[in-house]
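For reference, the structure is listed below as structure tokens.
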Amino acid sequence: MGSGTTLIEAKLLNRHAVGVDINPQSVSISETNLQFQCETISRIFTRNGNATDLDFIKDSHIDFICTHPPYANIIKYSKGIDGDISLLGVEAFLDEMQKVAKEAYRVLKKGKMCAVMIGDVRKCGKVIPLGFRMMECFLQAGFVNKEIIIKEQHNCHSNDYWEKQHNNFLLLSHEYIFVFQK
Ligand SMILES: C[S@@+](CC[C@H](N)C(=O)[O-])C[C@H]1O[C@@H](n2cnc3c(N)ncnc32)[C@H](O)[C@@H]1O
């Protein structure tokens, strides 16, 4: 859920939606951001919980999933909330994303889509293809890949710093949106 962008778009598009985030602060920020008037009949729910366990949603009940997980521990979204996958290194993060993919597959209706946005990371001079590694978690859970969209990344706060360092590497300036189908 983060700050609620997806729920705001759902409200504007007249879609019923449920947003989940492990961080209670994200829930309250999203609820504040959702307090705007518009002509809508949508019902929007927020939930403080773990995307690895959506036990409050029945099997094959959801029409569309849109999720934007942390990029392993590149940005830490809390200071120690149990279950926050932004506190995990790459391998542990992927283990949790495998559970998220399995749960996403369970709650989605057959034939419907699950969109996931993620970027790669650079650590100790190497690129870690986090996007493609995470994609494998969703394929293993049973999804098929319908689209791989490359999204240009603008306004990266750290670009100015790295451009002045004269390093011999290219800055990562794209993210992926994987569109999976159940
Ligand atoms: C990249 S941000 C999402 C940003 C969002 N797209 C927006 O527009 O604000 C990732 C979010 O995942 C949440 N998160 C981390 N671990 C989680 C988990 N296990 N279950 C649910 N949410 C989690 C973090 O608290 C953070 O708000």
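The values are calculated or read from the model by the stated rules, or taken from the named source; none is laboratory data. Keep in mind it's a predicted model, so treat the numbers as computed, not measured. A quick note on method: Cβ atoms are made from the backbone with ideal geometry, for glycine too, and the neighbour counts reach across all protein chains shown. Surface areas here come from the heavy atoms of the whole protein model, side chains and all, with no ligands, DNA or RNA. Shrake-Rupley method; radii C 1.70, N 1.55, O 1.52, S 1.80 Å.
Structure data summary
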{"read-out": "Accessible solvent surface per residue of the chain, calculated while the other protein chains remain in place, 1.4 angstrom probe, Å²", "value": "62 Å²"}
{"read-out": "Those chymotrypsin sites (Phe, Trp or Tyr not before Pro) in region 5-105 that DSSP places in a loop and that have at most 12 other beta carbons within 10 Å", "value": "Phe36, Phe56"}
{"read-out": "Within the chain, helix-based [θ] at 222 nm, where runs of 4 or more DSSP H residues each add -39,500 (n - 2.57), nearest 500", "value": "-8500 deg cm²/dmol"}
{"read-out": "Rel. contact order, % - alpha carbon contacts under 8 angstrom, at least six apart, region 1-49", "value": "49 percent"}
{"read-out": "Over 32 Å between alpha carbons, listed pairs Lys11/Lys79; Lys110/Lys151; Lys11/Lys126; Lys11/Lys109; Lys123/Lys146", "value": "Lys11/Lys126"}
{"read-out": "Region 32-56 versus region 140-155: alpha-carbon centroid distance in Å", "value": "24 Å"}
{"read-out": "Among beta bridges that DSSP assigns inside region 10-163, antiparallel share in %, nearest 5", "value": "25 percent"}
